[in-house]
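Chemist: Got a structure for you, questions after.
The values are calculated or read from the model by the stated rules, or taken from the named source; none is laboratory data. Being a predicted model, the structure only gives us computed values, none of them experimental. Using ideal geometry, Cβ is built from the backbone for each residue, glycine included, and neighbour counts are taken over all protein chains shown.
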Amino acid sequence: MTYLERESFSEYDQSLALVYDKKYTQYMQGTTHPERPERLVYSLDMMREESLIGDVIQKVTPESASLDSIQQVHTNRYLQRLYRQSRKGSGSISADTKITDQTWTAARLAAGGAIRAAELAWEQQYDSAYAFTRPPGHHALPDRAHGFCFLNNTAIATKAIRQETDCSRVAIWDIDAHHCDGTQRVFYEDSDVLVTSIHEEDATKFLNIGGTEYTGEGEGRGRTVNIPLPPQAGDDAYQAAVEQIAQPISESFSPDILLLEIGFDAHFGDALSQMHLTANGYGDLVRKAQNFANTHCDGRLGLILSGGYDFTAGLPYSNLATLNALLGGPEDFVTEPNQPPTQVTGENHITRAREAQAHHWSL
Amino acid sequence: MILYLEIEFGRVVGALIENDEVTDYATLSDINTADDLAEVLSQFSANDRSDVDQVQAAIGKLATQDQRGELPSCTAILAPGYGLPVETETIANHTKSIDGGLTPQGQVTQPPPTEINTDTENAVVSAKFGHKNPDYEMDIGAEIAASSIRFGHKVSGEMGFRERTKTAVANVRLSQLYHSIKDQLKQAVSSADIEAPLYAIRSDGTLANLDTIDETPAMLLSGVVAARAFGANSRVERDGAVLTMTPDTTYIVPPFIQGIPLEQGYFAGDLRSGYTSIQTVSVPIGYDTPVSQLISANIDSSKDLQSVLRPGDFNDEDSTLASGQIDNKEKVRTELIAELRSSVKELSQSASTVDTLIAGDPYIASVINELADSFGAHGIVPDTVTTVGAFSCSNSEIQITVRLQIDTARNIISVNTNGEIYSEQMDLSKKLNRLDVEDFVKEYVTNSLQKHQQPIASVDIIESRVVTLVEDDTQIGELHTIIAEGTAKPETGMK
Ligand SMILES: [Zn+2]
């Protein structure tokens, strides 16, 4: 069927590796838990229905992250607890995050997917690489976790790529409705990893360390950039946050690679946030990341899937717009069944976030 | 004894094959009716005919009619819905798009119009995510006054919206021609006193019972090329690219890898089909191509390439261009080789190095050595090259792809195969508790296909997905989607 697929999409001139394993759709926290296999299943249905899988997008199978690579981020004590509870078949590491007999294997395979995507992005065999994985990772701290996360996929991939290759500086853009408290904690004192998070201001409640005042410590001073936006912030607010803060700071930081942790729970249809991004809004953000990587990182761009729970609408359409952007498709290419509600621009929030960075970066 | 038939415009090849050897063959040109076809069969002895216990037909006419632009047109009523835009105008001769559509869960966002004006014989109704809610397309179909309608959701397999729709268009446009060939074939076989099961060779070289593909004739578009490529490969026992000529097109089949061909859809003419098909590179020159198209000067344009190349009376020893009858045959030859050369070169650049070229018909046989020499490659003409497709027969299997949806909340199983859907109500919760889903599916597919006269020896699960069905935060069941492939040896014996 490859020819037919190619024939349909003459505008797609970029190659993309989708790091994916069928096991990502088999792991469950519970049949009604929001972090569920359907998050990927419906999105894969969408890719199939739009004829993107196969010749247009190449699937790449990941391997489980090695113990050594996850130990670079997580404490032994925490890993032992995770392993033991998973072996036992039950347990929980926080109120919303349950452990099952699949957790240990699934979390390692997700981390392995993130590593593979970062490696592929580094090697540049494809124009970009996307870890289409679950469970997500950005709420996993070195010694504990919450928010449906167990192992910090992006942090593990960041450490791995720096160890395996001559990549020394990594920029992470975290665009999920929730603050990446885990990732921030891992790199809070690291001068070579820039962590930028755009999130809903109230969605930092877990540890509440997503305010603009958190900017890094010690050698990591100025290497943490938090951009909390108000509820109902939409495409314009996110664009402004990237253009006015994430982009210029990253440019000054001058990374070797850009990792974009993308969560589709800021879509207007998602029940787990109050944000109003559209599918094409996600596409535009991905395009910005792509342009940044092309201009400043030799084109090295890796994506890692984070949240997104409106699995029959917001998630598959946002994911589709993401793929469209990565493949080089036109802007505003995706139509959605539901109309977006009104959005707020969040100018004051952006100004505050910019001011908080003013003594670390010239903006 | 197997009777192999290659049914082309203007030419039919029949061969009897037993123990992997062709025991007799017959060819006839100017074939149009069942009587003509019967005449080919009458060239075999009555004894041999009564020994035939299986018929395998490769129907080249379907692809040729398409390449000649002579198929009836079709109107597609499309609900492209949401997601990526669809270039509807490339899908069928005429298209109408409906506003609204289906969500990824199959919910209707806007009811379709109740009056749809179509002045058409052949229609296709296809919606994005149409397979998630078959009623939607059926409701639209009920509003259309066309004598023949195909539905996107019924196209077998796992294609995306575009491929599914284009394949449905191919099915409906080929329908009339397929039925007339099928009728002629049945009539000819019966008047030749052959009583044996009839199979058609599909584009991937597998077989289908002639009566099971009424809805999906696009599965046969590359049947002749597949038969010849499999036959040539099994005959020479060496990996190489097979080149073979049909009336309007020469196909170059990339070397098999350990006996397995590369696969793709069909795209040699106007039609597109997403059904599994042997991979080819096509060159628009065939044995009916007017020579004037090949070389513009000094040639009598009324003569076609067939008369230029004239491979004797399909006598293998004489099947060379040297037996051509016209003065500038060398020029024709040079032009032909040059055309093929550039395509083979392209292939060897994109695929692995092609170091062996195998002739898949008598026309190509006459130029294969010279062509191969020009690459420093090895050229091979299989013995009995005229009937090389027949050597695919002994190893052919019937293969059926089945898509099952098992809804344990509504207790419904629907089976989609060969362009048809069967649904049945069944208490699934018990069954699925008792048996592993895959074992259940294997047993179910075997039984259900047997009910539809399709014997199955083994079932492989190609893909299996499941979503949890949740209502008011409670799990009410599961929806399994399973793609299974059933394989069987074709039946032999008198009917
Ligand atoms: Zn989130």
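Chemist: I'm trying to understand the selection: among the residues of region A:286-308, which are assigned to a helix (DSSP H, G or I), in contact (Cβ under 8 Å) with a residue 60 or more places away in the chain and surrounded by fewer than 24 Cβ atoms within 10 Å (Cβ to Cβ)?
Modeler: Residue satisfying the conditions is A:GLN290 alone.
Chemist: For A:ILE257, state whether it is within 15 Å of the ligand (Cβ to nearest atom) and among the aliphatic types (A, V, I, L, M).
Modeler: Answer is no for this residue.
Chemist: Going through B:PHE161, B:PHE151 one at a time, which residue ends up being crowded, with 23+ Cβ neighbours inside 10 Å, aromatic (Phe, Trp, Tyr) and either away from chain A (no Cβ under 14 Å) or more than 21 Å from B:VAL402 (Cβ to Cβ) (or both)?
Modeler: Only one candidate qualifies: B:PHE151.
Chemist: So, of the residues in region A:33-62 that are farther than 29 Å from A:ALA271 by Cβ and more than 19 Å from the chain's Cα centre (by Cα), which turns out to be nearest to the other protein chains (Cβ to nearest Cβ)?
Modeler: My answer is A:SER51.
Chemist: Is at least one residue of region A:96-106 out of contact with any helix residue (DSSP H, G or I) (no Cβ under 8 Å at 6 or more places or on another chain), farther than 30 Å from A:ASN324 by Cβ and not in a loop (DSSP other than H, G, I, E, B)?
Modeler: Within region A:96-106, one or more residues are out of contact with any helix residue (DSSP H, G or I) (no Cβ under 8 Å at 6 or more places or on another chain), farther than 30 Å from A:ASN324 by Cβ and not in a loop (DSSP other than H, G, I, E, B).
Chemist: Does A:PRO330 satisfy the condition of being within 12 Å of chain B (Cβ to nearest Cβ) and either in contact (Cβ under 8 Å) with a residue 12 or more places away in the chain or at positive phi (or both)?
Modeler: Considered against the rule, which asks whether it is within 12 Å of chain B (Cβ to nearest Cβ) and either in contact (Cβ under 8 Å) with a residue 12 or more places away in the chain or at positive phi (or both), A:PRO330 comes out as yes.
Chemist: Here is a further query. Can you pull out every residue in region A:152-169 that is within 16 Å of the ligand (Cβ to nearest atom) and either in a loop (DSSP other than H, G, I, E, B) or β-branched (Val, Ile, Thr) (or both)?
Modeler: Listed by number, the residues that qualify are A:ASN152, A:THR154.
Chemist: While we're here: Take the residues of region A:266-278 that are within 14 Å of chain B (Cβ to nearest Cβ) and away from the ligand (no atom under 12 Å from the Cβ): which is farthest from A:ALA321 (Cα to Cα)?
Modeler: Once the filter is applied, the top-ranked residue is A:GLY269.
Chemist: Name the strands (runs of 3 or more DSSP E) wholly within region B:171-275 that hold at least 2 residues that are within 14 Å of chain A (Cβ to nearest Cβ)?
Modeler: Per the criteria, B:263-266.
Chemist: Restricting to region B:101-118, and then to whatever is touching a Ser or Thr at 6+ places or on another chain (Cβ under 8 Å) and modelled with pLDDT under 90, can you tell me which residue is surrounded by the fewest Cβ atoms within 10 Å (Cβ to Cβ)?
Modeler: That would be B:GLN105.
Chemist: Ok, one more. What single numbered condition from (1) surrounded by 22 or more Cβ atoms within 10 Å (Cβ to Cβ); (2) within 16 Å of the ligand (Cβ to nearest atom) fails to hold for A:VAL193?
Modeler: Here A:VAL193 meets the rest and fails (2).
Chemist: Identify, please: which residue in region A:228-253 is among the polar types (S, T, N, Q) and at negative phi and is, among those, surrounded by the fewest Cβ atoms within 10 Å (Cβ to Cβ)?
Modeler: Looking at residues that are among the polar types (S, T, N, Q) and at negative phi, I get A:SER252.
Chemist: Also, I was wondering about something else. Can you say whether A:LEU207 is surrounded by fewer than 24 Cβ atoms within 10 Å (Cβ to Cβ), within 16 Å of the ligand (Cβ to nearest atom) and at pLDDT 95 or above, as far as the supplied structure shows?
Modeler: No, not satisfied.
Chemist: Right, here's the next one. Against the condition closer than 18 Å to A:ASP127 by Cβ and either in contact (Cβ under 8 Å) with a residue 40 or more places away in the chain or in a helix (DSSP H, G or I) (or both), how does A:PHE311 come out, does it pass?
Modeler: In short, no.
Chemist: Return the only residue of A:VAL73, A:VAL60, A:VAL56 being of a type in the set (Val, Ile, Thr), within 24 Å of B:GLU263 (Cβ to Cβ) and at pLDDT 90 or above.
Modeler: The match here is A:VAL60.
Chemist: Taking into account only those residues within region B:88-117 that are part of a loop (DSSP other than H, G, I, E, B), β-branched (Val, Ile, Thr) and within 9 Å of another protein chain (Cβ to nearest Cβ), which is farthest from B:ARG164 (Cα to Cα)?
Modeler: B:THR109
Chemist: Looking only at region A:130-150, how many residues end up being away from the ligand (no atom under 16 Å from the Cβ) and more than 12 Å from the chain's Cα centre (by Cα)?
Modeler: Count: 3.
Chemist: Further question on the same structure: Of the residues in region B:234-281, how many are without any contact (Cβ under 8 Å) to a residue 12 or more places away in the chain and β-branched (Val, Ile, Thr)?
Modeler: Number of matching residues: 1.
Chemist: Starting from region A:336-348, take each residue that is farther than 14 Å from A:ALA313 by Cβ and list its partners that are part of a loop (DSSP other than H, G, I, E, B), counting only C-beta distances under 8 angstrom and pairs at least six apart or across chains.
Modeler: A:THR342/A:GLN232; A:GLN343/A:GLN232; A:VAL344/A:PRO230; A:VAL344/A:PRO231; A:VAL344/A:GLN232; A:GLY346/A:PRO230
Chemist: Note down all Cβ pairs under 7 Å where the first residue falls in region B:179-204 and is at positive phi, the second is among the polar types (S, T, N, Q), and they're at least six residues apart or on different chains.
Modeler: Pairs that qualify, where the first residue is at positive phi and the partner is among the polar types (S, T, N, Q), are B:ASP193/B:SER50.
Chemist: Out of the residues in region A:291-314 meeting the condition of being more than 20 Å from A:LEU259 (Cβ to Cβ) and of a type in the set (A, V, I, L, M, F, W, C), tell me which one is nearest to the ligand (Cβ to nearest atom).
Modeler: The qualifying residue nearest to the ligand (Cβ to nearest atom) is A:PHE311.
Chemist: Out of (1) among the charged types (D, E, K, R); (2) within 20 Å of A:ALA117 (Cα to Cα); (3) surrounded by fewer than 19 Cβ atoms within 10 Å (Cβ to Cβ), the odd one out for A:ASP256 is which?
Modeler: Only one criterion in (1) among the charged types (D, E, K, R); (2) within 20 Å of A:ALA117 (Cα to Cα); (3) surrounded by fewer than 19 Cβ atoms within 10 Å (Cβ to Cβ) is unmet by A:ASP256, namely (3).
Chemist: Condition test on A:ASN324, is it assigned to a helix (DSSP H, G or I), surrounded by fewer than 24 Cβ atoms within 10 Å (Cβ to Cβ), modelled with pLDDT of 95 or more and more than 16 Å from the ligand (Cβ to nearest atom)?
Modeler: Taking the combined requirement at face value, the residue does not satisfy it.
Chemist: Can you say whether A:GLY281 is more than 15 Å from the ligand (Cβ to nearest atom), within 18 Å of A:ASN324 (Cβ to Cβ) and not in a strand (DSSP E or B), as far as the supplied structure shows?
Modeler: Considered against the rule, which asks whether it is more than 15 Å from the ligand (Cβ to nearest atom), within 18 Å of A:ASN324 (Cβ to Cβ) and not in a strand (DSSP E or B), A:GLY281 comes out as yes.
Chemist: Let me ask something else about it. Residues of region B:9-28 being surrounded by fewer than 23 Cβ atoms within 10 Å (Cβ to Cβ) and under 21 Å from B:LEU221 (Cα atoms), which ones?
Modeler: Across region B:9-28, the qualifying residues are B:PHE9, B:GLY10, B:ARG11.
Chemist: Here is a check on your reading of the model: is B:LEU41 of a type in the set (A, V, I, L, M, F, W, C) and closer than 14 Å to B:SER392 by Cα?
Modeler: No: the conditions fail for B:LEU41.
Chemist: Could you tell me whether any residue of region B:229-236 is out of contact with any Phe, Trp or Tyr (no Cβ under 6 Å at 6 or more places or on another chain) and surrounded by fewer than 24 Cβ atoms within 10 Å (Cβ to Cβ)?
Modeler: Yes, region B:229-236 contains at least one residue that is out of contact with any Phe, Trp or Tyr (no Cβ under 6 Å at 6 or more places or on another chain) and surrounded by fewer than 24 Cβ atoms within 10 Å (Cβ to Cβ).
Chemist: Also, quick follow-up: Do you know which residues across region A:21-32 are of a type outside the set (Lys, Arg) and more than 10 Å from chain B (Cβ to nearest Cβ)?
Modeler: A:ASP21, A:TYR24, A:TYR27, A:GLN29
Chemist: So A:ILE175 fits all but one of (1) free of Cβ contacts under 8 Å to residues at least 60 places away in the same chain; (2) within 14 Å of the ligand (Cβ to nearest atom); what number is the exception?
Modeler: Every listed condition holds for A:ILE175 apart from (1).
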